[in-house]
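The values are calculated or read from the model by the stated rules, or taken from the named source; none is laboratory data. This structure is a prediction, so every number in the text was calculated from the model and none was measured. Here the Cβ is made from the backbone with ideal geometry for all residues, glycine too, and neighbour counts use every protein chain on show. For the accessible areas, the whole protein counts, side chains as well, though only heavy atoms, and no ligand, DNA or RNA atoms are used. Shrake-Rupley method; radii C 1.70, N 1.55, O 1.52, S 1.80 Å.
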Amino acid sequence: MKLNANFDNLVDSYLFAEVENRVSAYKRLNPDKNIIKLGIGDVTLPLCSAVVEAGKRAVEEMGVKQTFRGYGPYRGYTFLTQKIADSYRERGIEISEDEVFVSDGAKSDVGNILDLFSEDCTVLVPDPVYPVYVDTNVMQGRKIIYADACEENGFLPLPDKKRKADIIYICSPNNPTGAAYNRIQLKQWVDYALECKAVILFDAAYEFFVSDPKLPRSIFEIEGAKECAIEFCSLSKTAGFTGTRCGYAIVPHALGKPNKMWLRRQSTKFNGVSYVVQRMAEAVFTATGREQISANIGVYKKNAAIISATLGKMGIYHTGGVNSPYIWLKCGGNSWDFFDKLLAEANVVGTPGAGFGRNGEGFFRLTAFNDEENTAEAMRRFEKVFA
Ligand code: PLP
């Protein structure tokens, strides 16, 4: 066997396993404690009824000879790609239906898209960030450079013209920091990418959490972006599809070859998302579906506001919590020590920032995906311990 030696360069990701180990060890010694988890990166509210009903109807169709469907179109069914293109058009962005590619989620897409790019590309990744960008490039042996996100730049690094890159990752609103770029900042990245002839891989997994009209939900709101960017969207956090699996990539024709290449890549290595799931996804874009998913996102945003308000009252520096389900707070010192103290003294679980990159040390991530009562109780305990 001649194995891919790049895998030897992956750093073991022990973050969530280590969190679980420490929580289990604490529980074994303190079985009566009521532990509240604000470390969860998964949604907790169920699928909305419009989505469930659409799924039931689609399953029925699959059981009847006349309406049964086998393999679907490689880009996704027109009923869905059309709705996605329409959702951009409503926001003043012209996306044609054949620029939309339905997938099983943003994680697969951000990794798989790398098939289109040369292995000698230099990759620019913000630090801290969603670890998948680094690991997928390490697997293919690319050189990675980092854009430092820190307190000084509000965890929103801007391009440094002295450092050239070929592939640029932007995640906004960001996981883990919750920070989101405004249009002026994003324009700087677009201009930089056009100048370097680089591609921006824009991860919009949390776009639906953006409620501030000054902040873009899509990079294609920025002039010039269609000539340099690919956008990845996900119904996971938008509509509770983490277990159902559906997302989509927008690969503009204006980029040149990538649209055709991505179709070729997907039709070679991927046979599409199931008909039932695509019908469920279609329901997300109906008037009822949108109303229902907005209500769910509203619940998470209320939790985020509770966390953010407590930290604000205590004068603790933090980002996120407004246009994002994540709150990134300055804990100072070692973030694992802070984790242990929060667990032992407040019985609250979060995620140490050190797990998201070098610049994550000294910071800590809380999430809004628990319920309101637990979130409020967790923050009362937090205040008691750290006031
Ligand atoms: N991108 C970011 C920034 C994420 O935080 C996540 C999940 O946590 C994903 C992508 C994965 O999305 P999906 O469930 O669509 O694969």
>> Using a 7 Å offset from Cα along Cα-Cβ at residue 195, what residues in segment 136-173 end up with backbone N under 15 Å from the label point?
In response: 158-166
> In square angstrom, rounded to the nearest 10, how much accessible surface does residue 221 have for a 1.4 Å probe?
Replying inline: 60 Å²
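Determine the percent antiparallel among the DSSP beta bridges restricted to the chain, to the nearest 5.
Values: 18 of 37 bridges.
Around 50 percent antiparallel, to the nearest 5.
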> Residue farthest toward the positive end of the dipole of the chain, with Cβ of Lys/Arg at +1 and Asp/Glu at -1: which of 122, 239, 167?
Replying inline: 239
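Expressed as a whole percentage, what fraction of the accessible surface of the chain belongs to carbon and sulfur atoms when a 1.4 Å probe is rolled over the protein heavy atoms? Walk me through the intermediate numbers first.
Details: 9140 of 17310 Å².
About 53 percent, which is the carbon plus sulfur part of the accessible surface.
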> So for segment 174-319, taking the charge dipole from beta-carbon charges (+1 Lys/Arg, -1 Asp/Glu), which of 307, 180, 276 sits furthest toward the positive end?
Replying inline: 276
> Counting Lys and Arg as +1 and Asp and Glu as -1, each charge on the Cβ, what is the dipole of the chain about the Cα centre in debye, to the nearest 20?
Replying inline: 320 debye
> Which percent of Cα pairs goes in each bin when the distances of segment 1-61 are cut into 10 angstrom slices starting at zero?
Replying inline: 15, 22, 19, 24, 20, 0
> Rounded to the nearest 20 Debye, what is the dipole magnitude of segment 140-234 about its Cα centre when Lys and Arg each give +1 and Asp and Glu each give -1 at the C-beta?
Replying inline: 300 debye
> For segment 136-291, what is the percent of antiparallel DSSP beta bridges, rounded to the nearest 5?
Replying inline: 30 percent
> According to a simple spin-label model (label point 7 Å from Cα along Cα-to-Cβ), what is the distance in nm between residue 4 and residue 30?
Replying inline: 4.2 nm
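Going by accessible area, probe 1.4 Å, with all protein chains left in place, what is the ranking of 261, 280, 1, 314, largest first?
On the way: 261 70, 280 25, 1 210, 314 45 Å².
In descending accessible area the options line up as 1, 261, 314, 280.
Can you sort 38, 29 by 1.4 Å-probe accessible area, starting with the largest?
Values: 38 0, 29 145 Å².
Largest accessible area first, the list is 29, 38.
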> If you build the Cα gyration tensor of the chain and take the root of 5 times each eigenvalue, what three semi-axes come out, in whole angstrom, biggest first?
Replying inline: 33, 27, 21
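Please sort through the DSSP H helices of the chain and keep those with an alpha-carbon extent of at least 30 Å along the long axis and a Kyte-Doolittle average not below -1.0.
On the way: long enough: 287-313 (38 Å, -0.03).
Answer set is 287-313.
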> Sequence-distant or interchain residues sharing an amide H contact under 5 Å with residue 103, placed H: which?
Replying inline: 247, 248, 249
> Mean residue ellipticity at 222 nm from the helices of the chain, using -39,500 (n - 2.57) per DSSP H segment of n ≥ 4 over the full residue count, to the nearest 500 deg cm²/dmol?
Replying inline: -11500 deg cm²/dmol
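Might you tell me the accessible area per residue for the chain, computed with a 1.4 Å probe and given in Å²?
Numbers: 17310 Å² over 387 residues.
On a per-residue basis, 45 Å².
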